[in-house]
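Below is one structure, written out as C-alpha cells, with a few remarks after it.
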Amino acid sequence: MPLLRQPLLLLARSRHVKELVSTMPVSSGIVHSYVPGETTASAVDASAALVDDGLQVTLDFLGEDTVDAEHADATVAAYVELLGELARRGLSRRAEVSVKLSAVGQALPSNGHKIALENARTVCRAARNAGTTVTLDMEDHTTTDSTLAILRELRQDFPETGAVLQSALHRTEADCRALAHEGSRVRLCKGAYLEPEEVAFQDRTDIDRSYVRCLKVLLAGQGYPMIATHDPRMIQIAGTLASRYGRQRGTYEFQMLYGIRPLEQQRLAESGETVRVYLPYGTEWYGYLMRRLAERPANLSFFLKSLVSKS
Ligand code: FAD
C-alpha cells in the first residue's frame, strides 16, 4: 500500500483528473467523512457541534493553487463571511481559520507573493475583528520561504498569526528553533506533500525521528506548540516531553483532522488537553481528499465505490 502514496499525491496536483472527479456527485461516502459540508452555514454548524463536545476548531475554506486573481478574491470573501458568522454565533473564542496562501494568490503568475500577503492581511484583520486568529497552512517545499516571509510580515501587525512546519523537510528543525519564541504559535505536522530527497526525508522512520526532534525544540521553547498528528506514538511522546519540559496544559495543544480518530480526539479532550479539529469545507475538496487517501490508501476502495455508486 505505501507504493500508492506517490501516484495518489501526483494525482492530487492533476487538473485533468480533478475536473473529472470533482464533477461527480460524491457528496456522501468517503468525501463526506473528511469534509462535513460545502457552505459556510454547514461548516459553522459542524464547528458548533465540535465545540459542544469540548473541542476547538480551525476551519479551512478548501482551495489551492489558484491561478486567477478573481478566484483568490472570492476565497478572501469566503473567509471574511465565515469569520463574521463565527463571531455572530459566539464561536470565535474556540474557532480560528487556516489559510493556504496558494488559495489567496501565492501561485499567481505575477506578483503572487505580494498579492497573497495583502489578501492574507485582509483575512487576519477580519479574524482580529471577530476575536480570533489565523494559521497559515504550509504547502510543498517550493513555497516554504515565501510562506515564512509572509508570516514574518503579518506578525508585525498580527503577532497572533500561526505557522505550520513539516517534519519531513530537512530544514524544519532549524525553522523550529527560529520560531520557538514567545507568542509564536507553531503547528508541527509530518507533511502531506510529495517531496524530493534533496529537501526531505523519504523514510517514515526518519520523518518520525525528525518530528520528535522538532517537538523537543518547540516544547522546550517559549512559543505555543500545536501538535498536529494522529500517530499514537507521537501523541504519547508529546505528552511525555510536555511533562519533562514543565509545560502546563493549555500552553500547547493537540490538533487532528476532521473525521480522523474522533474517539482519540474526545479522549484527549476529556483528559484535560486542548484539542483542535481541522475542519475543511467547500466544493474544492479534490486535492485535500487525495492527500488523505495517500495517507491511508486502504480508503481508496471506499472512494472508488462511492464514485461508481453515485455516477
Ligand atoms: P501517520 O503516520 O500518517 O498516521 C498515523 C495514524 O493516523 C495512522 O496509522 C492512522 O491510524 C491515522 N491516519 C492518518 N491519516 C489518516 C487518514 N487519512 N485516514 C484515516 N486515518 C488516518 N500537512 C501539511 O503538509 N501542511 C499543513 O498545513 C498541514 N496541516 C495539518 C493540520 C492538522 C490539524 C493535521 C492533523 C495535519 C495536517 N497536515 C498538514 C497533514 C500532516 O502533514 C500529515 O500528512 C497527516 O496528519 C498524517 O500524518 P500523521 O502525523 O497523522 O501520521
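Ala43 sits among other residues whose Cβ lies under 10 Å from its own Cβ, and their net charge, with Lys and Arg +1 and Asp and Glu -1, is -4.
In the chain, helical runs assigned H by DSSP with n ≥ 4 each contribute -39500 (n - 2.57); averaged across all residues and rounded to the nearest 500, the mean residue ellipticity at 222 nm is -15500 deg cm²/dmol. Overall, the chain carries a charge dipole of about 760 debye about its Cα centre when +1 sits on the Cβ of Lys and Arg and -1 on the Cβ of Asp and Glu, all other atoms neutral. For the chain, the relative contact order is 26 percent, taking Cα pairs closer than 8 Å that sit 6 or more residues apart in sequence and dividing their mean separation by the residue count.
Of all DSSP beta bridges confined to the chain, the antiparallel ones make up roughly 5%.
Of the beta bridges in the range 153-311, as assigned by DSSP with both residues counted there, near 5 percent are antiparallel. Amide hydrogen proximity for Thr135: with H placed 1.01 Å from N in the peptide plane, the residues at 5 or more positions away or on another chain lying under 5 Å are Val97, Ser98, Val99, Gly162. Remark: spin-label model distance Leu4-Gln156 equals 4.8 nm, labels positioned 7 Å along the Cα→Cβ axis. Whole-Hz Karplus values for the range 97-109 come out as 10, 10, 10, 8, 5, 5, 7, 10, x, 4, 8, 5, x Hz, taken residue by residue from phi with 6.51 cos²θ - 1.76 cosθ + 1.60 and θ = phi - 60°; glycine and proline positions read x. When each of the peptides 118-125, 193-200 is scored by the mean number of other C-beta atoms lying within 10 Å of its residues, the order from highest to lowest reads 118-125, 193-200. Once you sort the root eigenvalues of the Cα gyration tensor of the range 1-133 as a ≥ b ≥ c, which label holds: rounded (a/c under 1.5), prolate (a/b larger than b/c) or oblate (the other case)? Taking the square roots of the gyration eigenvalues as a ≥ b ≥ c, the range 1-133 is oblate. Toward the positive end of the charge dipole of the range 260-307, with +1 on the Cβ of Lys and Arg and -1 on the Cβ of Asp and Glu, the farthest Cα among Gly282, Ser301, Gln265 is that of Ser301.
Distances over 16 Å make up what percent of all Cα-Cα pairs in the range 179-220? For the range 179-220, the fraction of Cα-Cα distances above 16 Å is 43 percent. Along its principal axes, the chain has C-alpha extents of 54, 43, 42 angstrom, given from the largest down. Among the GluC sites (Glu not before Pro) in the range 210-311, none sits in a DSSP loop with a Cβ that has at most 14 other Cβ atoms within 10 Å. Measuring max minus min along each principal axis, the C-alpha atoms of the range 170-300 give extents of 42, 40, 26 Å (largest first). Between Arg187 and Ala163, Val164, Leu165, Met226, the built amide H atoms are under 5 Å apart, and every one of these is 5 or more places off in sequence or on another chain. Put simply, the amide H of Arg276, placed in the peptide plane, has neighbours under 5 Å in Gln56, Phe254, Gln255, Met256, leaving out anything fewer than 5 places away on its chain. Rounded to the nearest Hz, the phi-derived 3J(HN,Hα) couplings of the range 293-299 under the Karplus curve 6.51 cos²θ - 1.76 cosθ + 1.60 (θ = phi - 60°) are 5, 5, 6, 9, x, 4, 6, where x marks glycine and proline.
Extending 7 Å from Cα along the Cβ direction at Glu38 and again at Glu81 yields two label points whose distance is 1.3 nm.
Listed values for the range 182-191 are Karplus-derived 3J(HN,Hα) couplings in whole Hz (6.51 cos²θ - 1.76 cosθ + 1.60, θ = phi - 60°), namely 4, x, 8, 8, 10, 8, 9, 10, 7, x, and x replaces Gly and Pro.
Just so you know, the Rg over Rh for the range 198-246 is 0.99, from Cα atoms, with Rh as the Kirkwood radius.
Here, each number is a calculation from the coordinates, and none is a lab measurement. The structure displayed is predicted, hence computed values, not measured ones. FYI the Cβ positions are ideal-geometry reconstructions off the backbone, even for glycines, and counts take in every protein chain you see.
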